[in-house]
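Here is the structure we will look at, set down as structure tokens.
The values are calculated or read from the model by the stated rules, or taken from the named source; none is laboratory data. Quick caveat, the model's predicted, so the values are computed rather than measured. Calculation scope for accessible area: heavy atoms of the full protein, side chains included, ligands and nucleic acids excluded. Shrake-Rupley method; radii C 1.70, N 1.55, O 1.52, S 1.80 Å.
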Amino acid sequence: MRFCTITRKKQISKGDSEAMDSFREIVQQFSTMQWQDYLDIALVALLLYWCLPILRSRTTIRIAGAVAGLLIITWLTSILKLHTLNFLLTSLMTVGLLALVILFQPELRRMLDHLGNMKIRSFFEGMEKRSDVDPLIHQVILACETMSREKVGALIVFSRAQGLDEYIKTGTVIDAEVSEQLIRNIFFPKASLHDGAMIIRDGRVAAAGCVLPLSDSKRMSADLGTRHRAGVGMSEVSDAVVVIVSEETGTISVAEDGMLKRHLAPQMLEQMLHTALGAEETEKAEHSRLRLRQKMTRKEKGDR
């Protein structure tokens with residue numbers, strides 16, 4: 001028993017000694033670093049920060065999965081000594097970059113476009129927490145509440161870090177202040193731009209009548225039409241938040257990160273937009289919500 005206790009104490013002291021040695025090595029490593037090393041670490045962290053939103057997209061996951069699958073299969077063929085298959089896979093990996101460009105050309109083009117549209121100032125500002133987002137959300141909520149009651153279809157895209165220039169070019173450039181009347185006029189059933197999407201960027205209506213990519217997800221309900229698939233597809237290929245108003249049922253939905261949340265009340269929609277767009281929870285926002293509830297109450301009494 002005493003021998004076991006002594007052995008255990010020796011093991012603990014040996015572990016403490018190894019931990020101290022490791023700590024000394026880390027301190028010594030930091031002491032030998034120069035300013036170029038710190039700059040190098042900061043630039044790598046900045047690059048990772050910019051790439052994180054892209055790495056969450058489904059297209060990037062598909063590319064990463066294909067590369068990882070090829071590497072694993074090549075490694076297994078080497079272990080199992082499948083020489084012919086290993087030779088073919090090794091040759092494929094040699095020209096793998098060219099093969100990826102050919103196979104995933106649309107996905108890579110979208111990724112590069114997203115990198116080009118990333119706003120550098122977003123690294124320093126983080127999420128755009130501006131008080132001027134509150135009246136914008138207020139106007140959108142009023143328009144969506146009215147269009148939902150009247151069963152007018154709508155597709156509204158909120159641009160965040162990515163500029164969405166590729167999709168703005170497919171529609172009609174407007175560059176106007178966001179207002180309830182403008183949104184309702186654009187999505188009026190007989191208007192020329194009502195079938196496309198409206199894109200809101202930097203607090204203004206950038207364009208309307210825009211064409212969005214359709215989602216090919218198998219998880220979407222069969223009763224959802226093109227408008228909902230376009231909204232989900234846009235959220236899959238970008239960091240945008242998309243608000244959809246159904247023309248058949250009048251229900252309000254929000255698509256974000258490839259996920260669709262349906263049957264939202266105006267109050268829930270307002271809360272989700274405040275969270276997604278990083279609006280400040282100020283007294284002005286509370287006042288806007290109070291005005292919205294009062295206006296909705298007056299409209300309900302008028303309908304009755």
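What whole-number value in cubic angstrom gives the convex hull volume per residue for the C-alpha atoms of region 138-210? Present the calculation step by step, with values, prior to reporting the outcome.
Working: hull volume 5.4 nm³, N = 73.
Looking at region 138-210, the number lands at 74 Å³ per residue.
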- Message: Heavy atoms of the protein only, probe of 1.4 Å, neighbouring chains included. What is the accessible area of K151 in Å², nearest 10?
- Response: 110 Å²
- Using a 1.4 Å probe, how large is the accessible area of F30, given in Å² and rounded to the nearest 10? 110 Å²
